[in-house]
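Before any comments, here is the structure.
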Amino acid sequence: VDGETQSIRADYVWSTIPINVLSRLMDPGPPEGILQAASQIDYRSIILVYLVLGQAQFTEFDAHYFPGEDIPITRLSEPKNYGARQDPVDRTVLCAELPCSPGDSYWEMSDEQLGNLVKEALSWVKLPIQAPLIQVITRRLRHAYPIYLSGYENHLRKLDEWLGQIDHLLTFGRQGLFAHDNTHHALFMAYRAVDCLDQAGRFDQSCWQEARQVFESHVVED
C-alpha cells in the first residue's frame, strides 16, 4: 500500500493469479525446471474498448461475434441488452474485444485510435455507428485467455504438480488453472473450493481432486 510491503498471515492462500506468474512469485523460488515450464506457457492479452453512444440502443442483440480474420475485434457486446433495465434512455455502451499482445501495434494505440479502429471494423461488417460518440474508454487485460500451443500440457502439468505440493496453497479459476472457460465455470470452481473447506477450517484434498475432474468436462458456451 502506497509503495510499502505488507505481510498478512493466513491459514490458506487461494489464488487466481495466472499459474505461470504465481510460480515465479513464490519465495523461496521454484527449481529451474519449474521456471522453464512457466516460461513455456502464456496468455493472450485483450483490450476492452468501450464506446459510449448517444442513443438508447445500438442493436437488439446482446452480442455479435466476428470469427474471421478480416476485422481485428472478435466480439461486440452491448451490456444494456443483458439486463431488464433500459436506463439511461439517451445513451448506450458498446464493448469491443480486441485480442492482442503487450507491446504490439494495438497495445500501443491511444483511446482515440482504438475507438476509430472499432468504428471502422463495424462499418466493414455493415454495423455502422451513426449516433454521436460521446466517449471512448479502454481497459487492457494482460492475461485474458490461455494460449494452447502444442505440448503445453507437459509444462502445465509440471507447474500444477509443483504448486500442488505447497501446503495450504490453492490455485483455481481461468488464469489459475489455465482453463479457457466461461464465467459460470470459474464461479463453480470457487463454490467447489468452499465446499471442500469444512467448518473446522480443514481443506479436503480428495474433495478438491474430485472437483478438478469435473472441471475437465467444462465446455465453453457462447
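The values are calculated or read from the model by the stated rules, or taken from the named source; none is laboratory data. Remember, predicted model here, so these are calculated numbers, not experimental data. Neighbour counts are summed over all protein chains in view; Cβ atoms, including those assigned to glycine, are modelled from backbone coordinates with ideal geometry. All accessible areas refer to the heavy atoms of the entire protein, side chains included, with ligands and DNA or RNA removed. Shrake-Rupley method; radii C 1.70, N 1.55, O 1.52, S 1.80 Å.
For the stretch 122-168, name all the residues that are within 23 Å of the chain's Cα centre (by Cα), among the β-branched types (Val, Ile, Thr) and open to solvent by 40 Å² or more (accessible area, probe 1.4 Å).
Hits for the stretch 122-168 are ILE137, ILE147.
Please go through (1) small (Gly, Ala, Ser); (2) open to solvent by less than 30 Å² (accessible area, probe 1.4 Å); (3) in contact with a helix residue (DSSP H, G or I) (Cβ under 9 Å, 6 or more places away or on another chain) for ALA56 and return the number of the only condition it doesn't satisfy.
(2)
Can you name the number of the only condition in (1) crowded, with 18+ Cβ neighbours inside 10 Å; (2) in contact with a Gly (Cβ under 9 Å, 6 or more places away or on another chain); (3) not hydroxyl-bearing (Ser, Thr, Tyr) that ASP90 fails?
(1)
Pairs under 8 Å by beta carbon, first residue free of Cβ contacts under 8 Å to residues at least 40 places away in the same chain in the stretch 197-219, partner assigned to a helix (DSSP H, G or I) and aliphatic (A, V, I, L, M), six or more apart or different chains?
That search, which allows pairs on different chains as well, returns TRP208/ALA193; ALA211/MET189; ALA211/ALA193; PHE215/MET189.
Taking the stretch 182-200 as the search range and keeping residues that are in a loop (DSSP other than H, G, I, E, B) and open to solvent by 30 Å² or more (accessible area, probe 1.4 Å), which one is nearest to TYR43 (Cα to Cα)?
Only one residue fits best here, namely ASP198.
Would you check if ALA179 is hydrophobic (A, V, I, L, M, F, W, C), assigned to a loop (DSSP other than H, G, I, E, B) and without any contact (Cβ under 8 Å) to a residue 24 or more places away in the chain?
Values: hydrophobic (A, V, I, L, M, F, W, C): yes; assigned to a loop (DSSP other than H, G, I, E, B): yes; without any contact (Cβ under 8 Å) to a residue 24 or more places away in the chain: no.
In short, no.
Considering the stretch 62-100 alone, what residues qualify as being polar (S, T, N, Q) and under 19 Å from the mean Cα position of the chain (by Cα)?
First, pick out the residues of the stretch 62-100 that are polar (S, T, N, Q): 74, 77, 81, 86, 92.
If the condition is that a residue be polar (S, T, N, Q) and under 19 Å from the mean Cα position of the chain (by Cα), then THR74, SER77 are the ones that fit.
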